[in-house]
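Here is the structure we will look at.
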Amino acid sequence: MQITGKIIYNMVKSFRVSDLQTLLASMGRSKSGLKQDLVGRALRLVQTEYSPELLKNVRQLYESRFPKASGWLAARRPEGVPVAYSSLSSSPTGTQGADYLSSIPKLSSTPAAEVKLVSLPFYQTLETLLPPTELIAQNSEKLQDSQCVFELTQSQADQVRNSTELRPGMKAIQVVLRICYTDSIGVQEDQYPPNIAVKVNQSYCHVPGYYPSNKPGVEPRRPCRPVNITPWLHLSTATNRVTVTWGNFGKRYSVAVYLVRVFTSAELFSQLKHCSVESAERCRERIQDKLRFDPESEIATTGLRVSLICPLVKMRIGVPCRVLTCAHLQCFDAIFFLQMNEKKPTWTCPVCDKQAPFELLTIDGLASEILKETHEDIEEIEYLTDGSWRPIRDEKERDRERERSNTPDYPVVDICVPEVNGHSPAHSSTSQTGKSGAGSTAGGAGGGVVVDLTLDSEEEEEGGGAGGDSDDTEDSQDSPAPKRGRYDYDKDLVTAY
């Protein structure tokens, strides 16, 4: 069939938002924006890059959206796939039968052969029990029930039964159910449909719930990971029936069943330690490349500071790990990173938030040597242009030590302590007779000298002689006490140090 540019235009205009996003992503274009923006971007792509690859992608998307006939669907079934393994169906109204499971008609729908599920680091696929097969809605109801059946061979059943337990109730060899979007372009991550429930041999099995969100206004997110259906299976050659309840809201989903081996974070760390370690020499070369002088740049970088504290747990790094595709030299702790992804798989770099798949993780050999050579008090180092490094001490601690060593010890003199008679030290010094000002204040306020600037030298000598007549003394006793000011000292007296 010859496809013209006009036909391509009409195909693109009939696409949904998900189809447009898939088309743009496959051609390396941005897939963000409203539908009218996506349509305009896709039409401009058709105008500027009319290539066989683009034509193939548009045709696949259009044919998946508007299948021509059932014969075309049958032609897509891969050879050698048993029909019994592709028995998925939906039941709008029940057929006759006593058992509920038998009331769900099993349609020989087509396995989605083009759908490829992403490989997971904690799961090693041993065998495929049910290839990716699309869930098909039989009516317009929002809640659909689809059933699939499969059988274990005696060897597979023995393999599951005799496997070791990672923890009570969880075996190392499992049968898992995986669900994803039905999309033939690229690899698909696990994605649950709305209102999902899984029943295995008439017993509901556990499906991971939602993660609680501690941020206001943010909806809780559900971890989409393989569903372990092993405890509810017949570990024999008997037929196992799996019923998936799912919400039909316009998106297409496919299910698959695999026999897998489950790894722990300790086993993954052992693989990482034996297979992906970057030597110290290669790390030095990387540092020299980053700090090499660029004549075209106006800024010359002479060093790069790197923290020895893990950004995940805010503790000193035990095993330094990086992502090969990240541009930074900052490391994080490999053990904590694997443990966190075992509980909540995100696989993002804690430093730059980019994708950090297990295949791209590596242990930094130079950082490992630095952690062994430095004391635990050292929290930061600096890489130099020749590939060497030097420890960085805490600037605040050095400032505190500098201030502590340079601060002189001055005596503290309190001039505001009143004497027993209620007068200040300055006033009491003037009431004493026969002594000089300096001598009279020797036992006063810390050895300070009180000088009366209003007295002449002659008056000072007369006042310091016999101490005055007795009449003057009696008059002074009978006269009322002079009014004191706001402060508890005479305004005419100045204390000198």
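Quick notes on this one:
- Qualifying residues in region 191-227 (those that are outside any loop (DSSP other than H, G, I, E, B) and at pLDDT below 80) - the one most open to solvent (accessible area, probe 1.4 Å): R221
- Test for L130: is it open to solvent by 30 Å² or more (accessible area, probe 1.4 Å), in contact (Cβ under 8 Å) with a residue 12 or more places away in the chain, assigned to a strand (DSSP E or B) and in contact with a strand residue (DSSP E or B) (Cβ under 7 Å, 6 or more places away or on another chain): no
- From Q188, Q202, Q174, residue being closer than 19 Å to Q144 by Cβ and in contact with a Phe, Trp or Tyr (Cβ under 9 Å, 6 or more places away or on another chain): Q202
- Selected residue (criterion: surrounded by the most Cβ atoms within 10 Å (Cβ to Cβ)) from residues of region 235-258 that are over 21 Å from P131 (Cβ atoms) and of a type outside the set (A, V, I, L, M, F, W, C): N248
- Tally, over region 336-366, of residues that are within 14 Å of P311 (Cβ to Cβ), in contact (Cβ under 8 Å) with a residue 12 or more places away in the chain and not in a helix (DSSP H, G or I): 6
- Considering residues of region 367-400 that are surrounded by 16 or more Cβ atoms within 10 Å (Cβ to Cβ) and assigned to a strand (DSSP E or B) only, the residue modelled with the lowest pLDDT: I392
- Inter-residue pairs, beta-carbon under 9 Å, first within 18 Å of P52 (Cβ to Cβ) and in region 8-35, second in a helix (DSSP H, G or I) and among the acidic types (D, E), 6+ apart: V12/D19; S26/E53; M27/E53
- Any hit, region 309-321, residues being open to solvent by less than 10 Å² (accessible area, probe 1.4 Å), under 21 Å from the mean Cα position of the chain (by Cα) and of a type in the set (D, E, K, R): no
- Test for K68: is it under 29 Å from L135 (Cα atoms), under 40 Å from the mean Cα position of the chain (by Cα) and either open to solvent by 50 Å² or more (accessible area, probe 1.4 Å) or at pLDDT below 80 (or both): no
- Condition check for D37: at pLDDT 70 or above and of a type in the set (D, E, K, R): yes
- Single match in L20, L88 (criterion: within 22 Å of F249 (Cα to Cα) and at pLDDT below 65): L88
The values are calculated or read from the model by the stated rules, or taken from the named source; none is laboratory data. Since this is a predicted model, take the numbers as computed values, not measurements. So basically every Cβ, Gly included, is an ideal-geometry build from the backbone, and we count neighbours across all protein chains shown. Side chains are part of the model used for accessible areas, which takes the heavy atoms of the whole protein and leaves out ligands, DNA and RNA. Shrake-Rupley method; radii C 1.70, N 1.55, O 1.52, S 1.80 Å.
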